[in-house]
Structures are given as C-alpha cells and as structure tokens.
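One structure is given below, encoded as structure tokens.
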Amino acid sequence: MTDEELVQGMMEGDQACFEALVHRYHAPLSGFLQRQLKDPGRAEDVVQETFLKLIRQLKDRRNPENVQAWLYRVAMNQCRDYWKSSAYQTDRNRFGEPPERKDERPSVVELAERQETRREISQSLEELPQVQREVVMLRFYQDLKLQDIADVLQLPLGSVKTHLYKALRRLKTRLAGDKNARVRAEGGKQDGIAE
C-alpha cells in the first residue's frame with residue numbers, strides 16, 4: 001500500500017494501516033534521530049511524539065501531502081526545539097560529550113581503516129553548516145529524494161541541490177586533505193609504494 005492509502009485508512013480508523021505506517025517509518029526515523037541527537041532514548045521519544053502528532057493531525061482531518069517528508073520535517077523541528085531548550089543545555093552541561101565508542105572487533109587492518117574512514121566522515125559532517133549536514137544525512141543516510149528533502153527542510157529544490165553540492169565538495173576536500181596528511185605521517189607510503 002502507498003503512504004497515501006495508509007493515511008486514508010488511518011483517517012477511517014483502521015489500526016492495521018497505522019501499524020503498517022509505523023512499521024515502514026519507525027526504524028528509518030529512529031536511525032536518523034539517533035545520528036542527530038546522539039541519544040537513543042531521546043531519539044525514541046521524538047519518534048513516538050512524531051507519530052502522535054500525525055495522529056492528531058489526522059484527527060483534525062488535515063492529511064499531509066507527502067507523509068514521509070512531513071514525518072521527517074516534524075522530527076527535525078522537534079530536534080531543533082530540543083537544542084534550543086534549557087533541558088538540552090542542562091543535559092549537555094551535566095553529561096558533557098558522550099564518550100567515543102571503541103570498535104571491539106578484532107584488530108584487522110581493513111577494519112581499522114574502515115573505522116578511521118567512518119570517524120573522518122563523521123567529524124567532517126559535524127564541521128559542515130547545519131543545513132548542509134541535514135541535506136547530506138537525509139540524502140545519503142535516509143535515502144530521501146531531493147524533492148522530499150526540500151519538503152522536509154522547507155527549502156526550494158534549487159537550494160537543496162546547492163547545499164548538497166557545496167557539502168559534498170567540502171567533504172571531498174576535507175577527506176582528501178586527511179588522507180594526504182596520513183600518507184605523509186606514514187613516511188610517504190601510498191598504496192604500498194614508497195615515494
């Protein structure tokens with residue numbers, strides 16, 4: 001069933017349609033919010049509140065035009081509200097930054113390189129302006145289409161394309177710089193060939 005059919009069923013009181021929609025979007029929304037908030041418990045709260053807001057919206061007979069974009073937009077707005085809240089400031093000051101999780105798998109060169117690449121990408125993403133970071137995460141982590149991203153962020157499609165282009169260019173430059181620095185630190189070896 002399409003999202004529109006599920007929402008129509010929800011408006012008619014069909015519990016199975018609601019469960020199907022939750023099943024379709026719970027995991028993707030939760031993953032997105034965990035990356036945004038870096039707090040699985042808080043992310044789950046936001047996911048649940050997002051679905052509650054959808055139910056309230058449908059009870060008022062207001063059917064979202066694009067359900068997927070609407071869900072991400074509501075979730076994103078809740079994140080922004082939380083970041084502005086005193087609760088966020090209190091949590092941040094009380095707990096500080098969460099400790100970096102270490103990879104507990106066997107120490108194999110390939111696994112170490114993958115971990116380093118993930119860390120570099122994560123650090124590089126954090127250095128992007130917020131809107132560029134959001135566009136990249138929605139496009140590549142959530143696999144949303146550009147028009148859906150435009151709907152989520154309430155930006156013109158052209159702006160989304162521009163932000164994506166600039167973000168990818170910045171990431172490429174940053175990651176290429178990190179790789180060159182690593183090669184210099186290893187004594188000029190690249191791909192097993194000494195310079």
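With a Cα-only, solvent-free Debye model of the range 42-88, what are the log10 I(q)/I(0) values at q = 0.30 Å⁻¹?
For the range 42-88, the Cα-only Debye profile gives -1.11.
Pop the C-beta distance of residue 11 and residue 168 into the FRET formula with R0 = 45 Å and round what comes out to the nearest 0.05. Provide the component values of the computation, followed by the final result.
Numbers: r = 40 Å, r/R0 = 0.88.
Calculated transfer efficiency: 0.70.
Calculate the FRET efficiency for residue 159 and residue 27 from the Cβ-Cβ distance with a Förster distance of 22 Å, rounded to the nearest 0.05. Walk me through the numbers before you get to the answer.
Working: r = 29 Å, r/R0 = 1.30.
Step by step, r from the Cβ atoms, then E = 0.15.
Would you mind getting me the FRET efficiency between residue 176 and residue 83? Use the beta-carbon distance for r and R0 = 35 Å, nearest 0.05.
Details: r = 31 Å, r/R0 = 0.88.
The value I calculate is 0.70.
Taking the dipole about the Cα centre of the range 1-61, with the C-beta of Lys and Arg at +1 and of Asp and Glu at -1, give me whichever of 46, 18, 6 is farthest to the positive side.
Value: 46.
Readers should treat all values here as calculations from the given coordinates under stated rules, not as data from a laboratory. In this text, all values refer to a predicted model and were calculated from it rather than measured experimentally. Heads up, the Cβs are rebuilt from the backbone with ideal geometry, glycines too, and the neighbour counts pull from every protein chain shown.
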